[in-house]
Amino acid sequence: MKTPRIQLIPVGEKEIGLLHRLSVETFKETFEAENKKEDLLAYLNQKMSTGQLKKELNNPFSSFFFATYKKQMAGYLKLNFDNAQTENVLNNQAFEIERIYLLKEYQNKGLGTELFEAAIQIGKEKGYKMLWLGVWEKNRSALQFYQKKGLVTFGSHCFQLGSDPQTDFLMRYDIDS
């Protein structure tokens, strides 16, 4: 197995400011072009505020990790286990990748694959054999990425972005399959 180029650093409460800035920046880079500004801002103010992120960070069943590449901040990962998951799916036999984001300048370098593989390894270490995540139906590059990794769609749910109800496809992956 190839040595990972990306390093994962657990996020602590002292880094909440950096987590907030990174969360907002990566979300905007990913979704700003295809959404109304007011919907995006409403979502960011509600779901990515420092208070909300602090609450999520303090959940013992959620884990945040900064992803660094060549000692530079490249993105972050948020995993949910047990009752921290955003949906009750797959008979609670899976864990959730809720957020997996790389800054634009670090995309298309194979780092997304490394981040995804790191998430799998963390889940395996916790005894999980399956993971799931939600992907916006219009995020073609993410859908293609996950399909190439072997994830399959098993449902959908509503993702509320401000006043805009959007559809996320729910995708699963069987670890060790």
For region 124-177 and region 28-42, compute the distance between their C-alpha centroids and round to whole Å. 20
Can you give the % of DSSP beta bridges in region 45-140 that are antiparallel, to the nearest 5? 90
Antiparallel versus total DSSP beta bridges in the chain: what percent is that, nearest 5? 95
Long-range amide H contacts for residue 99: which residues qualify at under 5 Å (H placed 1.01 Å from N, peptide plane, sequence gap of 5 or more or a different chain)? 78
Binning at 5 Å from 0, report for region 65-140 what percent of all alpha-carbon pair distances ends up in each bin. 3, 15, 25, 22, 18, 11, 5, 1
Beyond 23 Å, what percent of the Cα pairs of region 15-141 remain? 33
Ignoring ligands, DNA and RNA, what accessible area per residue does the chain give at 1.4 Å, in Å²? 56
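The values are calculated or read from the model by the stated rules, or taken from the named source; none is laboratory data. This is a predicted model, so every value here is computed, not measured. To get the accessible areas, we keep the full protein, side chains included, count just its heavy atoms, and leave off ligands, DNA and RNA. Shrake-Rupley method; radii C 1.70, N 1.55, O 1.52, S 1.80 Å.
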